[in-house]
């Protein structure tokens, strides 16, 4: 009899032991909201184990962290992995808001950081992380639109000034190809998924002006000649169709490409100013890395222009039990860590120093601009149109453009754009 | 006496508490929930689930990416057929018991035991074009040195070839499993049949056709069924290799992406229901065609 | 009789070619692991390394790749899951084979039906359950899944159980043993060969599994061998020779186990397929 009971109990041992894990969360003995350790999710797989863990973490712990240590978790497929985690309550304490989370979802996932009217006195790019007047995410650095080049390669092809129009851009790449056959004129980093999205996103405002985002939110055919969305994706198509990119996009290697552009094997990479410091640091030739403005001049002034915008927004997990520690980290990271400066970016902290990627811009007299925020109460409109349209934002759209341009996928550029326009129109009508 | 009978009725249930509990929790409950979720447009997080009837299923038929992913299963099934054929050949030959059988067996079977990620990395390096190194990868190198240089292609970059390459990886990986199965089945055929055949001076081909083939019917049927459900449920090799890009995506990759990265649990559940349906239908057909299946375990 | 059996020769030839095909993909990988970066970049994939004792890549892979933690975590997972699956499997087999009770047919059918459902199809819903139990991003998610969805071991134990004569049960009962004693003292020890088989095939399956730890345990400190190796790819993609070394580190234990336990493995694979 006893032994039968033992059998029954023994068979529930597994159940019992994990029920204890299930039922109870670790309790914090420290003051409310402070934890011994917080977890920060980041996409920087390159510097997470080094700079973050060995420099920023300890500096924070010794300073405003009051002994709280920071654990960094980095992900190569950041957006996908973190969005999967966001299906649960466990997605770190501080994280970058992944692509695809719309502003109206911010309150569901993240803790409010303050009112936009207050925080915009301290930080830039506040409206990008705002919903209904409350801020949920702060940009970790600021980027200027443009693209990275290897100055030596461009010079060797006889190019002395940046191209001013998309056609000039293509012509310049062709010059590079002719002058230096062993150099890849433009490397798409297709395999990462996120890198090619710059083509769709980086041209906003250049042809259509600072209100471009709001215009696009209500435009039923943004992929039409002359409009921002069209210019970027059309340029991508042309560049690939003219064979000015790498021969096998599917095996592109992001980390390796940094060294290659530093070396000069790659001449151009269409990524924002945040990439410059990474390319400079990837080899012995930091002086060869330059940054050129988007090849679309302001139609009114005839000058080069650049739109600055926030990088990934840092937010605090609403479900985190470490709200105070997380907030302390976030504030320190934004204001005192020096991250933005080290990335050569525009400092999101108004009082902080700006990075130095833009010396060429100053020489060219490039105009700095910002996109207008959405009208009050309509913060999430643009994001919701994207979502409702079903157009992917994870890179698969641009990958499809590349595949079609290189003949790997059947179809035509016109067909792609017509499809995009019709999907976008659906999204627009969903706004009602 | 009654106490004894009572004990006999209740005791087994005690032993089954945990197994049945787990079965219910992790197999039946998810299946039931799956059907339920598929009729909603739930995003996995929202506490409220909105009923949409069969709208998700209608959407699936119109989604070209899903259809393409489903189409890719054919490559894997084709690979599996080749795999089964080759395995049958090898198993037959190994059953003759020539010297060195164990040696060959070892080499042919070991890939089956290798870690999924390791297998993909092995082939990713093999299929590499020039880029990470100054020269092309092992595959291209080999072809060039065998004078077959014109076959060099972008094994992963060429979307017409990529699925063949991935199916090939699958064959490399799983053929050992089939070989062992077939070999076991052949070796369990009554040796008297072979002796009788030898007396009748039947040659090896006749032996194969009239003794081996019938004797392994069950295992062959099983292998084909596993091939079908396996080719639809492919996930690891294409996902780790390319993340499903370049037209190499599969049904399960799409389901996982839609469910977790796009937060469309309802839609993904509809996909999963379809997948389950296909597998069940195929299994049902098999059980009816090969009625000599011993299903009874009690 | 020194007649050359051409049939035999052809067979040997074909088999040899096939063996080469199976081993060939590993050769560039092995060579690459011993080359340093410059040599890796400059040399041909099939040219052997200059220095077969260059263990630097292995050192890097071991210390920087979280592989140690991967092995540890996989070890823990294996240990607990195997105990769990054996417990569950033997208890189920004991209950089904040794008892006749009301509802037995239903129970058997429940297991049979469950065997038809491939795990991948239910993941979307299973995820929700694991999440609801607060097990997401913990070891227990994987342990629970491995233990609770393993029908194959139940079959193996059932098959084997049928060959353990009931006479042993009877004689034990005459000696006054209760059900549990019979289960524990008589059945379990006799099931040892089946247990060994299950340990081997399930052990290999868990060691190689990618999907479950990938989906349920994103925390790198919980990484298994599979996910740790997978995470290698991003940061080291500029240094494939280190990735190759890491891959070798991962497959060497499997090969060693294979060579030493070949016979068991063959038996296990055959048994595992019998549904």
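The values are calculated or read from the model by the stated rules, or taken from the named source; none is laboratory data. Predicted model, so just to flag it, every value in this text is computed and none were measured. Counting neighbours? That spans all protein chains shown, and the Cβs are built from the backbone with ideal geometry, glycine included.
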Fill in: residue A:318 being in contact (Cβ under 8 Å) with a residue 12 or more places away in the chain, under 24 Å from residue A:194 (Cα atoms) and in contact with a helix residue (DSSP H, G or I) (Cβ under 8 Å, 6 or more places away or on another chain)
no
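To keep it simple, each residue is scored yes or no on (1) more than 7 Å from every other protein chain (Cβ to nearest Cβ); (2) closer than 19 Å to residue B:168 by Cα; (3) assigned to a helix (DSSP H, G or I).
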| position | (1), (2), (3) |
| --- | --- |
| B:214 | yes, no, yes |
| B:222 | no, no, yes |
| B:234 | yes, yes, no |
| B:237 | yes, yes, yes |
| B:244 | yes, yes, no |
| B:267 | yes, no, yes |
| B:271 | yes, no, yes |
| B:276 | no, no, yes |
| B:281 | yes, no, yes |
Those residues of region B:166-208 that are under 30 Å from residue C:23 (Cα atoms) and part of a loop (DSSP other than H, G, I, E, B) come to a total of 1
When (1) in a helix (DSSP H, G or I); (2) away from chain A (no Cβ under 14 Å); (3) in contact with a helix residue (DSSP H, G or I) (Cβ under 8 Å, 6 or more places away or on another chain) are applied to residue B:163, the one that fails is (2)
Within region B:32-66, of all residues that are exposed (fewer than 13 other Cβ atoms within 10 Å of the Cβ) and not in a helix (DSSP H, G or I), the one nearest to the chain's Cα centre (by Cα) is B:54
Residue A:380 vs (1) modelled with pLDDT under 90; (2) within 13 Å of chain B (Cβ to nearest Cβ); (3) crowded, with 16+ Cβ neighbours inside 10 Å: all pass except (2)
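Please note which helices (runs of 4 or more DSSP H) are completely contained in region C:81-172 and include at least 3 residues that are over 21 Å from the mean Cα position of the chain (by Cα), at the interface with another protein chain (Cβ under 7 Å from one of its Cβ atoms) and farther than 28 Å from residue B:45 by Cα.
Numbers: elements: C:104-116, C:119-132, C:139-148, C:152-161.
The helices (runs of 4 or more DSSP H) meeting that bar are C:104-116.
Residue B:248: more than 15 Å from residue C:121 (Cβ to Cβ), crowded, with 23+ Cβ neighbours inside 10 Å and in contact with a helix residue (DSSP H, G or I) (Cβ under 9 Å, 6 or more places away or on another chain), yes or no? Let's see the steps before the verdict.
Working: more than 15 Å from residue C:121 (Cβ to Cβ): yes; crowded, with 23+ Cβ neighbours inside 10 Å: yes; in contact with a helix residue (DSSP H, G or I) (Cβ under 9 Å, 6 or more places away or on another chain): yes.
For residue B:248, the condition - more than 15 Å from residue C:121 (Cβ to Cβ), crowded, with 23+ Cβ neighbours inside 10 Å and in contact with a helix residue (DSSP H, G or I) (Cβ under 9 Å, 6 or more places away or on another chain) - is met.
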Please indicate, with yes or no, whether at least one residue in region A:283-300 is closer than 25 Å to residue A:70 by Cβ and either buried (at least 22 other Cβ atoms within 10 Å of the Cβ) or modelled with pLDDT under 90 (or both).
no
Next item on the list: Please tell me if residue C:74 is crowded, with 16+ Cβ neighbours inside 10 Å, at the interface with chain B (Cβ under 7 Å from one of its Cβ atoms), in a helix (DSSP H, G or I) and within 23 Å of the chain's Cα centre (by Cα).
Entry: no
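Matching residues to (1) at pLDDT 90 or above; (2) in contact with a strand residue (DSSP E or B) (Cβ under 9 Å, 6 or more places away or on another chain); (3) closer than 22 Å to residue B:240 by Cα; (4) away from chain C (no Cβ under 13 Å):
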position	(1), (2), (3), (4)
A:76	no, no, yes, no
A:88	no, no, no, no
A:91	yes, yes, no, no
A:94	yes, yes, no, yes
A:106	yes, yes, no, yes
A:110	yes, yes, no, yes
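Which of the helices (runs of 4 or more DSSP H) contained wholly in region A:39-145 include at least 3 residues that are closer than 19 Å to residue B:46 by Cα and free of Cβ contacts under 8 Å to residues at least 60 places away in the same chain?
On the way: elements: A:57-62, A:78-85, A:106-109, A:116-119.
Correct list: A:78-85.
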Flagged in region A:151-201 as assigned to a loop (DSSP other than H, G, I, E, B), closer than 30 Å to residue A:43 by Cα and in contact with a strand residue (DSSP E or B) (Cβ under 9 Å, 6 or more places away or on another chain), in numbering order, are A:183, A:185, A:187, A:188, A:189, A:195
Scanning region C:29-71 residue by residue, the ones that are crowded, with 17+ Cβ neighbours inside 10 Å, within 30 Å of residue B:101 (Cβ to Cβ) and without any contact (Cβ under 8 Å) to a residue 40 or more places away in the chain total 1
Meets criteria (free of Cβ contacts under 8 Å to residues at least 40 places away in the same chain and away from chain C (no Cβ under 14 Å)) for residue B:54: yes
With criteria (1) more than 7 Å from every other protein chain (Cβ to nearest Cβ); (2) at pLDDT below 75; (3) surrounded by 20 or more Cβ atoms within 10 Å (Cβ to Cβ), residue C:248 comes up short on (2)
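May I ask you to verify whether residue C:214 is more than 7 Å from every other protein chain (Cβ to nearest Cβ), without any contact (Cβ under 8 Å) to a residue 40 or more places away in the chain and closer than 27 Å to residue C:122 by Cα? Give the derivation first.
Numbers: more than 7 Å from every other protein chain (Cβ to nearest Cβ): yes; without any contact (Cβ under 8 Å) to a residue 40 or more places away in the chain: yes; closer than 27 Å to residue C:122 by Cα: yes.
Yes; evaluated as a whole, the condition is true for this residue.
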Counting only residues in region B:129-150 that are at pLDDT 80 or above and touching a helix residue (DSSP H, G or I) at 6+ places or on another chain (Cβ under 6 Å), the one surrounded by the most Cβ atoms within 10 Å (Cβ to Cβ) is identified as B:138
Exactly one of B:143, B:148 is more than 13 Å from chain C (Cβ to nearest Cβ), free of Cβ contacts under 8 Å to residues at least 12 places away in the same chain and closer than 30 Å to residue C:11 by Cβ, and that one is B:148
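With the condition kept exactly as written, say whether any residue in region A:260-272 is over 18 Å from the mean Cα position of the chain (by Cα), surrounded by fewer than 21 Cβ atoms within 10 Å (Cβ to Cβ) and free of Cβ contacts under 8 Å to residues at least 60 places away in the same chain.
We begin by selecting, within region A:260-272, every residue over 18 Å from the mean Cα position of the chain (by Cα); these are A:260-268.
Right, trim to surrounded by fewer than 21 Cβ atoms within 10 Å (Cβ to Cβ) and you get A:263-265.
From what is left, the residues that are free of Cβ contacts under 8 Å to residues at least 60 places away in the same chain are A:263.
Yes, the conditions are met somewhere in region A:260-272.
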